[in-house]
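Engineer: Questions regarding the structure given below will be posed in turn.
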Amino acid sequence: MAEETPVITQYLGIKKQHPNDVLFFRLGDFYEMFNEDALEVSRLLNLTLTHKGDNPMCGIPYHSAKGYIARLLRMGKKVAVAEQVGEVAKRGLTERKVVEVVTPGTAVESEYLDGGSNNFLASIFISGGFAGLAYIDVTTGEFRATKFPEYKFAENVSKELGRCSPKEIILPESLKNNKEIQTILETISVASVSWYPDWHFNAEKNYEHLVKQFKVANLNSFSLTKESPEVPPAGFLLDYIEKTTNAPVSHISGISVYQDSQFVIIDDSSRRNLEITFNLRDGTSSYTLLESVSNTKTAMGSRLLRSWLSFPLTNENEINSRQNHVELFVKDRNLLHCVRENLDGILDVERLAGRIAMDRAHAKDLQALKASLKFWLKSQAVLERYDFSMPEKDSAQKIIDLIENSIAEDPATVFTEGRIIKDGWSEELDYWKKVRNDFNGILEEYIESEKEKTGIQNLKIKSTGNLGYFIEVTKGKLDKIPPHFIMRRTLLNAERYTTEKLQELENSLNESGAKILELEHNLFIEVRNELKKYIPYLQQAAKKIAYVDVVCSFAESAILYNWNRPHVLSDSLEFSVKNGRHPVVERHLPAGEFVPNDVSLCGSEPENSASFALITGPNMAGKSTFLRQNALIALLAQTGSFVPADEANIGIVDRIFCRVGASDNLARGESTFLVEMTETARILRSATQNSLVIMDEVGRGTSTEDGLSIAWAVSEYLLNTLKCKTFFATHYHELTRLEHKSLKRLCMAVAENGSDIVFLRKVVEGSSENSYGIHVARLAGIPESVIERAGKILEKIQGDASVIIPETETEEVSKNKVEIFSGSLFSEEELVLDEILSCDIDNMTPMVALQNILRWKKSLAEK
Ligand code: ADP
Ligand code: MG
């Protein structure tokens, strides 16, 4: 009880410096939380809440802390870890200090991370009319930044954040009242957002920080100046990482500053609609393009693949060089097999390098690094003959040798076990290990030397609990006792002696445990520091491993799914695909069931010169699938992959837009027509002739007349002004009356068989005349009576073109409509007869039947 107050006082003092973090406060073998932290965390993690005095408290055993921290990080919490530092006080208060703050965007332990994706921390700052955005993955050292004009803030911030999906964002307080950023933060799912005073984003200070970190005189080689808008957020990220992790970050050795034009621009909503890395349904990667092309073997490869899909290229040479490598592996399957087998053995070298830099790697990590590099050297050897511009092999071999010689084969992860350093690495350590493990052997050697010196052949070393070790001399030999023997005790037949040497040996036995620990620790740190020299090499090798892994993965996909190399051309607008398929839909259908389709826009022959494809066809016929498959083929082609088609000619596109009509987008809960129009406006403002535009049922979110008119006018603008490649799917058949030389009419083929129809999923030239909605309604299981009734109504309406039925209707309108129907279209007898014929007797209770008869009688009588 006496110690209670000082501990809590100490706790409160530390907590004051970390008001926004959960404070893990080390008390013996536990991390304890107090007060509001205890209340919150006990609820979040389902821990038992206790009390220390008046303070609510909960705790977790220190050795299982990582699991709890991982869970808190996923909930967006930051955890400050306060350890006992210095000697543990026997009396009074042990000193405690926060040694690190673990946050969702700065965590480095593998327990907190997903191997297949980067763990980005992002920051944004506006200065001089530009917004700078930077993001960093401290586990790998990847550091990127870009900028855009302030007036395009919202669109670009959501696009870039969509690309990198950061786990944590740190922002200046001046943005707190910015409505646009608020909206963006609501739509993206980021674990943690925090605000910092604007002075953290000082240009001068952050510029100096970056210069110092990258060990350069200025940032010219990174295309940055003191005025660059990327500098404040980038510098602040570094600052933040250093303060939270409290570790050296030498592996962050540069920043890649990129511009929009280097990559295909895909705005955030198009990215979502194309389901590239996340699906619309539950935000996971199932049923996405990423999933359908993922055949990578290493964590580095799967991160790079994700990044390639987010940053498709616009440079023909770069695309071709990737394709050449993919083709190499497609053609030489033995090579592919051999390389992939070796990749299988490679662990996350990139993150291991980061952990070495940050003093977090333990001995098992080093062994993993060694094993990985061995596999990598094998791959490198077989790839030597091809133009992969491989990193030098010397460093890898030196690293392997160093670890091989210094680190035990199956080492412990913690120092307390003393199984870290290999025998033979350090004479001193070996001596102490021998003292501990083979003390009898040492005594043996010693007593042999004494026998020789004294000539007493039966000297023996024995030990007892209270005397410790001693030399026993039998009575007959006492005359030979040398002066350095120190008498301890006399027995009946013998005398017991000790010597200085023997006492020394005994002391060293007692010290050996601590000595081993200390030496192992120091030797290990030495080895790890030695390895820091190789971090640039390891980062370079990791990049190459990732590259080889992704091109092998593309080759594997090409072979497995029968994909082919597209021709990408920078000076062409053409988009032609033969037997194209949707990579995701095809995979989830039984083999052979997916119907491939051709298309050709902006080709050189007159019949293919159209830029705009208008696709009509009933619901469920396959329009949306066809549209998206073309966008995905273009995207895949520009990442360097082969594509799901027999042949493809792709003029390089600069932007891909994918707009889906509001009512098709209900899953995201933003069915408002305004959103649909905002995004359509963006396309009309920013598409160029080199863009690929997908418009799926645009205009759907409003009434028929409105929607049709808007769709019509938008089409005309795309045809006349933008002239970009466009796939426009619509259920407004009226649109097919649009006439233009650049317009191509396509429709989904349907086979009619009496009243039944079959969707052939085949795209053919022409327009669809029928929406077959009633057929789809039947497929969906609408009761037969309703279907028949709908068929009758349709006949009537089609007979009388003057009847227009609004699509969205208020109650008022629908009441009128019933009147129109019952008044002008059908007679009362017809209605009753119709109802009798279509009523479902099997599913009707006697009571309802009687009520119906009563109603019919009434209505006939009224007439
Ligand atoms: P629409 O947009 O015309 O309403 P969708 O493109 O949504 O139609 O397609 C409906 C369903 O038809 C898809 O979920 C898919 O299962 C199937 N489908 C679409 N295209 C094809 C195809 N080419 N081959 C086989 N099945 C297809
Ligand atoms: Mg559709």
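The values are calculated or read from the model by the stated rules, or taken from the named source; none is laboratory data. Worth saying up front: this structure is predicted, and the values here are computed from it rather than measured. FYI the Cβ positions are ideal-geometry reconstructions off the backbone, even for glycines, and counts take in every protein chain you see. What goes into the accessible areas is simple: the full protein's heavy atoms, side chains included, and nothing from ligands, DNA or RNA. Shrake-Rupley method; radii C 1.70, N 1.55, O 1.52, S 1.80 Å.
Engineer: Counting other Cβ atoms within 10 Å, which GluC sites (Glu not before Pro) in region 116-224 have at most 16 and lie in a DSSP loop?
Structural biologist: none
Engineer: Taking H as built 1.01 Å from N, whose amide H comes closer than 5 Å to the amide H of I265, not counting residues under 5 places away?
Structural biologist: Under 5 Å from the amide H of I265: R655, I656.
Engineer: How much accessible area per residue does region 310-463 have, counting only protein heavy atoms and a probe of 1.4 Å, in square angstrom?
Structural biologist: For region 310-463, the per-residue accessible area is 48 Å².
Engineer: How far is it, in nm, from the label point at E186 to the one at L674 when both lie 7 Å from their Cα along the line to the Cβ?
Structural biologist: 1.0
Engineer: If you line up the long axis of helix 846-862 against the longest principal axis of the chain, both from Cα atoms, how many degrees apart are they, to the nearest 10?
Structural biologist: 30
Engineer: So what are the ³J(HN,Hα) numbers for region 500-513, from phi and the Karplus equation (6.51, -1.76, 1.60; θ = phi - 60°), rounded to whole Hz, Gly and Pro as x?
Structural biologist: Computed from phi, the couplings for region 500-513 are 4, 4, 5, 5, 4, 4, 5, 4, 5, 4, 5, 7, 3, x Hz.
Engineer: Can you list the trypsin sites (Lys or Arg not before Pro) in region 188-272 that are in a DSSP coil and have 10 or fewer other beta carbons within 10 angstrom?
Structural biologist: In loop regions of region 188-272 (DSSP not H, G, I, E or B), the sparsely surrounded trypsin sites (Lys or Arg not before Pro) are K215.
Engineer: Filter the chymotrypsin sites (Phe, Trp or Tyr not before Pro) in region 357-414 to those in DSSP coil with at most 14 other Cβ atoms within 10 Å of their Cβ, and list the result.
Structural biologist: Taking region 357-414 and a limit of 14 other Cβ atoms within 10 Å, the loop chymotrypsin sites (Phe, Trp or Tyr not before Pro) found are Y386.
Engineer: On to the next question. At 222 nm, what value in deg cm²/dmol follows for the chain if DSSP H runs of at least 4 each add -39500 (n - 2.57) and the sum is divided by all its residues, to the nearest 500?
Structural biologist: Only helices count here, giving -14000 deg cm²/dmol.
Engineer: OK, next. Taking a point 7 angstrom from the Cα of S767 along the C-beta vector, which residues in region 594-634 have backbone N less than 13 Å away?
Structural biologist: Taking a point 7 Å out along Cα→Cβ of S767, the residues of region 594-634 whose backbone N falls under 13 Å are 614-617.
Engineer: To the nearest 20 Debye, how big is the dipole of the chain about its Cα centre, given +1 on the beta carbon of each Lys and Arg and -1 on that of each Asp and Glu?
Structural biologist: It comes to approximately 2060 debye.
Engineer: How far apart, in nm, are the 7 Å Cα→Cβ label points at D394 and N493?
Structural biologist: So the label points at D394 and N493 sit 7.0 nm apart.
Engineer: Roll a 1.4 Å probe over the protein chains and send me the accessible area per residue for region 36-83 in Å².
Structural biologist: Spelled out: the 1.4 Å probe surface of region 36-83, per residue, equals 51 Å².
Engineer: Per residue of region 373-380, in order, report the coupling 6.51 cos²θ - 1.76 cosθ + 1.60 (Karplus, θ = phi - 60°) as ³J(HN,Hα) in whole Hz, putting x for Gly and Pro.
Structural biologist: So the J values, rounded to whole Hz, are 5, 4, 4, 5, 4, 5, 4, 4.
Engineer: Compute the FRET efficiency between D401 and N522 as 1/(1 + (r/R0)^6), taking r as their Cβ-Cβ distance and R0 = 22 Å, and round to the nearest 0.05.
Structural biologist: After rounding, the FRET efficiency stands at 0.60.
Engineer: While we're on this one: What spacing in nm lies between the two simple spin-label points modelled at E318 and L854, each 7 Å away from Cα in the Cβ direction?
Structural biologist: 7.7
Engineer: Something else: Quantify, in whole percent, the carbon and sulfur part of the accessible surface of the chain (1.4 Å probe; protein heavy atoms only).
Structural biologist: That fraction is 51 percent.
Engineer: Quick one: accessible area per residue over region 84-235, 1.4 Å probe, rounded to a whole number of Å²?
Structural biologist: I get 43 Å² per residue for region 84-235.
Engineer: Going by amide H atoms built from the backbone, whose H comes under 5 Å of the H on T50, apart from near neighbours?
Structural biologist: Those lying under 5 Å, H to H, from T50 are M57, C58.
Engineer: Moving to a separate point now. All other residues with a Cβ under 11 Å from the Cβ of N608 taken together, and with Lys, Arg as +1 and Asp, Glu as -1, what is their net charge?
Structural biologist: Within the 11 Å Cβ shell, the charges total -3.
Engineer: So what's the angle, to the nearest 10 degrees on a 0 to 90 scale, between helix 299-310 and the longest Cα principal axis of the chain?
Structural biologist: 30
Engineer: Helix 4-17 sits at what angle to the longest principal axis of the chain, using alpha carbons and giving 0 to 90 degrees rounded to 10?
Structural biologist: Its long axis makes an angle of about 50 degrees.
Engineer: Run the dipole for region 427-526 about the Cα centre, Lys and Arg Cβ at +1, Asp and Glu Cβ at -1, nothing else charged, and hand back the magnitude in debye, nearest 20.
Structural biologist: 800
Engineer: Once phi is turned into ³J(HN,Hα) by the Karplus curve 6.51 cos²θ - 1.76 cosθ + 1.60 with θ = phi - 60°, what whole-Hz value does each residue of region 171-176 show in order, with x for glycine and proline?
Structural biologist: Those phi angles translate into 10, x, 4, 5, 8, 4 Hz.
Engineer: Would you grab the residues whose amide H sits under 5 Å from the one on L569? Only those 5+ places off in sequence or on another chain, please, with H modelled 1.01 Å from N.
Structural biologist: The list, which skips near neighbours in sequence, is I650, G651, I652.
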